[in-house]
Amino acid sequence: MTEPTVSETSPAPSPEGAGVSRRRLLSLAGAGAVTAGAVGAVGFTAGRASADAPTSPAGAQRSYPFHGRHQAGISTPVQDRLHFAAFDVTTTSRKELEALLKEWSSAAARMTKGLGAGPYGPTDGPSEAPPDDTGEAIGLGPSGLTITFGFGPSLFEDARGKDRFGLADRRPKRLERLPHFPADNLDPARSDGDLCIQACADDPQVAVHAVRNLARIAFGRAAIRWSQLGFGRTSSTSTSQETPRNLFGFKDGTANLKAEDPIALDRHVWVGAGDDPGADWMVDGSYLVARRISMRIEVWDRVPLSEQETIFGRDKAEGAPLSGGTEFTEPNFKIEGRTGPLIDVASHVRLAHPDFNNGSRLLRRGFNFTDGTDGLGRLDAGLFFIAFIRDPQGQYVPMQNTLAREDLLMEYLQHTGSAIFAVPPGAATAKNWVGESLFA
């Protein structure tokens with residue numbers, strides 16, 4: 001589990017004096033007069049501080065370390081906001097791709113500490129050059145930001161099977177494009193991608209700032225293919241968090257994997273040694289499945305409460321299984337009522353349960369979304385489903401095939417986007433970068 005820390009973000013004194021701006025000094029003396037590291041550490045921190053800024057670990061100063069065995073943003077306690085982006089790599093140079101991943105790792109490490117994306121920060125640096133940070137996160141603190149990177153199947157080979165960067169023989173066997181599931185209505189403009197960035201934070205502007213700056217750094221080498229904003233997490237990944245609700249009003253993710261259960265994470269989430277001898281660079285990584293699921297909100301809102309509960313297999317008030325007990329009581333699928341099982345055989349809770357999926361479990365990390373309205377005035381809203389799993393072809397694909405064919409809930413859902421990414425292990429130290437083992 002990645003433990004939160006409090007960022008060292010107290011303002012530092014300015015060595016130049018109150019009356020002279022740092023930018024003016026740089027323009028007079030040249031960029032070499034002040035080291036980049038010193039300018040960035042002082043300038044952005046000072047600009048971000050405010051008298052009423054939260055200082056408790058639960059507030060804006062909470063941070064999670066970027067470096068470690070696993071990437072942050074997987075078993076980390078789920079934050080409140082998301083900005084997810086998939087990228088197409090536009091360069092054909094392997095060296096430029098490596099350089100991009102190194103720069104992304106460096107910028108991510110800085111931003112998760114509450115610093116600027118570059119060493120100067122948003123308000124310093126040579127006056128004749130654009131700032132190396134866009135500045136909209138000044139004063140917001142780290143806000144629990146995590147940044148997670150992933151590689152899509154198309155990074156290794158294009159649609160014609162061409163080895164794009166000499167990485168085809170390193171592609172994991174489990175990294176296969178997701179199939180077209182029954183009832184899918186996928187938009188190609190909202191699906192797939194060579195690279196992905198998952199930025200999660202407790203402040204939406206901090207998450208957007210992270211993706212914006214990483215996209216800026218990628219200019220000329222990669223471009224955003226599609227992106228999704230999310231609010232209101234739809235699962236908890238820690239026992240310290242309450243179970244949230246989805247846009248249908250039901251508690252979501254009651255049985256989700258938790259960071260406090262490392263044995264279950266090792267079994268279901270983290271790639272182990274020997275999983276794929278041809279892709280040992282993925283050990284301690286995971287696989288990310290992303291699905292954009294539109295909800296038929298207006299139709300659902302006219303469904304009687306008893307029918308809503310039958311569809312989910314849980315009561316709406318507490319999230320308890322219809323077989324009885326409390327939210328965390330294990331469902332009993334054998335108890336009969338007057339008209340059949342108390343929990344319908346086609347209910348969501350039954351069809352998604354490990355007992356009916358060869359014991360498979362997922363680490364869900366999804367978010368609600370609302371993207372305005374469609375041409376008929378209906379809400380374009382739903383669930384941006386994210387799951388981290390050890391074996392997507394063995395854990396997720398069979399389950400989703402069953403849900404798509406049999407789940408009562410499918411009448412009110414439409415899957416409109418789909419993607420899968422290999423999430424490599426974390427960058428162990430500041431000298432390392434995410435994806436380094438792939439290119440070794």
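The values are calculated or read from the model by the stated rules, or taken from the named source; none is laboratory data. Worth saying up front: this structure is predicted, and the values here are computed from it rather than measured. Note that each Cβ is placed from the backbone with ideal geometry, even for glycine, and that neighbours are counted across all protein chains shown. Ligands, DNA and RNA are excluded from the accessible area calculation, which covers all protein heavy atoms including side chains. Shrake-Rupley method; radii C 1.70, N 1.55, O 1.52, S 1.80 Å.
See the values below:
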item: GNM flexibility winner over the chain from Gly337, Gly166, Gly249 (Cα, springs under 10 Å); result: Gly337
item: Acute angle (nearest 10 degrees) that the helix 94-111 long axis makes with the longest principal axis of the chain, alpha-carbon atoms; result: 90 degrees
item: Computed [θ] at 222 nm, deg cm²/dmol, the chain (DSSP H ≥ 4; -39,500 (n - 2.57); rounded to nearest 500); result: -6000 deg cm²/dmol
item: Hull-based mean projected area of the chain, where the convex hull spans the alpha carbons, in square nanometres; result: 23.4 nm²
item: Protection proxy ranking of 301-314, 78-91, 375-388, 137-150 - average other beta-carbon atoms within 10 Å, highest first; result: 137-150, 78-91, 375-388, 301-314
item: For the chain, size of Cβ-based charge dipole, Lys and Arg +1, Asp and Glu -1, in debye; result: 660 debye
item: Rounded accessible area per residue of the chain, 1.4 Å, Å²; result: 43 Å²
item: Highest-MSF residue in the chain out of Asp344, Asp284, Asp374 [GNM, Cα springs under 10 Å]; result: Asp374
item: Residues with amide H under 5 Å from that of Leu115, placed H, sequence gap 5 or more; result: none
item: Accessible surface of the chain [probe 1.4 Å, protein heavy atoms]: carbon and sulfur percent; result: 53 percent
item: Reciprocal of mean inverse Cα separation for the stretch 73-166 (Kirkwood radius, Å); result: 15.7 Å
item: Along principal axes, Cα extents of the stretch 192-240, largest first, whole Å; result: 42, 23, 15
item: The stretch 166-207: proportion of alpha-carbon pairs further apart than 16 angstrom, %; result: 63 percent
item: Set of the stretch 343-360 residues, backbone N closer than 13 Å to the point 7 Å along the Cα-Cβ line of Ala183; result: 346-349, 351-352
item: Against the rule of thumb 2.2 N^0.38 Å, how large the Cα Rg of the stretch 289-440 comes out; result: 1.26
item: Other-chain or far-sequence residues with amide H under 5 Å of Arg361's (modelled H); result: none
item: Principal-axis tilt of helix 36-48 within the chain, Cα atoms, nearest 10 degrees; result: 60 degrees
